[in-house]
1. Compute the distance in nm between two label points, each set 7 Å from the Cα along the Cα-to-Cβ direction, one at residue B:9 and one at residue A:120.
2. Using r as the Cβ-Cβ distance of residue B:224 and residue B:48, and R0 as 35 Å, what FRET efficiency do you calculate, to the nearest 0.05?
3. Straight distance only, please: which lysines reach the Cα of residue A:49 with their own Cα at less than 23 Å, same-chain residues fewer than 8 apart left out?
4. Could you give the Stokes-Einstein D for the range B:93-151 in µm² per second, using the C-alpha Kirkwood radius, 10 °C, 1.306 mPa s?
Amino acid sequence: MKEDFERIFNLYSNDVYRLTYSYLLNKEEAEDIVQKTFFKYFKKYKKLKLNDLEIKKWLFRVAINEAKDYLKSSYISKRAELNENISRKNIASNDIHNILSNMPENYRTIIYLYYYEGYSIKEIAKIERKSESAIKMRLSRGKELLKKEMEV
Amino acid sequence: MKDIKNNLKKDFNYIDLSDESKNNILNNIYCNYNKYKKRRNIILSFSLVLFICLIGFGVSYADEIVDYFKVKQVTCKNGVTSTIGQAKDIRKVINYDANIPELTPDDENIVYKYSEIEKLLNTKLVKSTFEPSETLNLYNCQKDSNKIAALNFRVPRDNNRRYNMHISLITKYYKGESTIEWNTKNNLMSNGFLIKNLNTKAYILQFRGEEWTSSTYQITFIYDNVLYWVVYSPRTIDKEERKEQIMNFLDSLYV
């Protein structure tokens, strides 16, 4: 049974990591969220009767919630200023980091899910648990910001 | 826009978990899961023990309710049934040094407000929301070496009130007969009626052979080691109304 879990981990850990990184913009924090997300999955995977693609969406939903909770915690809000300088040293690619860091947090995951994962607005609305119109609005604003950033 | 998409994809591809990070995360997950399992087992064991304790307490408490009174003897002579009921030895824990004078039934009653006597004795007494009374008359107080041994109260007599309630308690200082008995020449009604608010059983004695034909009913119950004895007169000849009134009265009792 552990093999099933490890197969899913190897299949989707990078995707979950990219999603959480796009939200948190910090390598270590994104790794923590990946661990938390897959720990939740490990506790439940025997009961979850989902196919691989549904599991991926489930993981994304859990990861987004975990990342939001993480940002809400008092510990992270206290050290936010300090982290501003450190986080830039942890990035894998300066370009993508700079583009994302000029965007509001709740636009970043939508941009990632839409452009990188290729999800439809309907699917993103389900993952984010938001209305389709809200996702559409964020996506179009995100696109504008993205255009500006890429043209610079 | 296609360029943007391609550039983004290319950039995101750089963001990757190293093999070392993946191994660390997997190891941490397995390690945390073992801790989680151990913690869960401990919590489950504690919950099970607590559940068993609660069930045990519930069963013994339920036994207590049933065993307060026992029908000791039923005899039938010339078509008339005699019933003797007996309660087990019950002693009430109160403030034995409460400032209450010794009193015999021949002395003048002392009137107390419910709140006043409850504070003095450090215990709650049963009241009724039906034709309520603010006060209680103390008509008997026995002491032993200045410690309260027995107390008897009654709800003041009032012609408009349909019931007459007596409250009786004995403490560990009481040296007389400790059992409480009733004796009726006629019927003891079935197995008792549950007083929902108090979670105790009331026994209703009636003074005629057939149920709900009597004009007065004696309701007896024990709550928190205090004996309550009520004579209720429904003032109606309709059997159903009599029954309904008495059931409503039982529902009106509270502490």
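1. With each label point 7 Å from Cα toward Cβ, the separation is 2.0 nm.
2. On the way: r = 31 Å, r/R0 = 0.88.
After rounding to 0.05, the efficiency reads 0.70.
3. Qualifying lysines at Cα under 23 Å: A:2, A:36, A:40, A:57, A:122, A:126, B:37.
4. Values: Rh = 12.2 Å.
Estimated diffusion coefficient is 130 µm²/s.
None of the figures in this text is laboratory data; all of them are computed from the coordinates on show. In this text the structure is predicted, and so the values were computed from the model without any measurement. Using ideal geometry, Cβ is built from the backbone for each residue, glycine included, and neighbour counts are taken over all protein chains shown.
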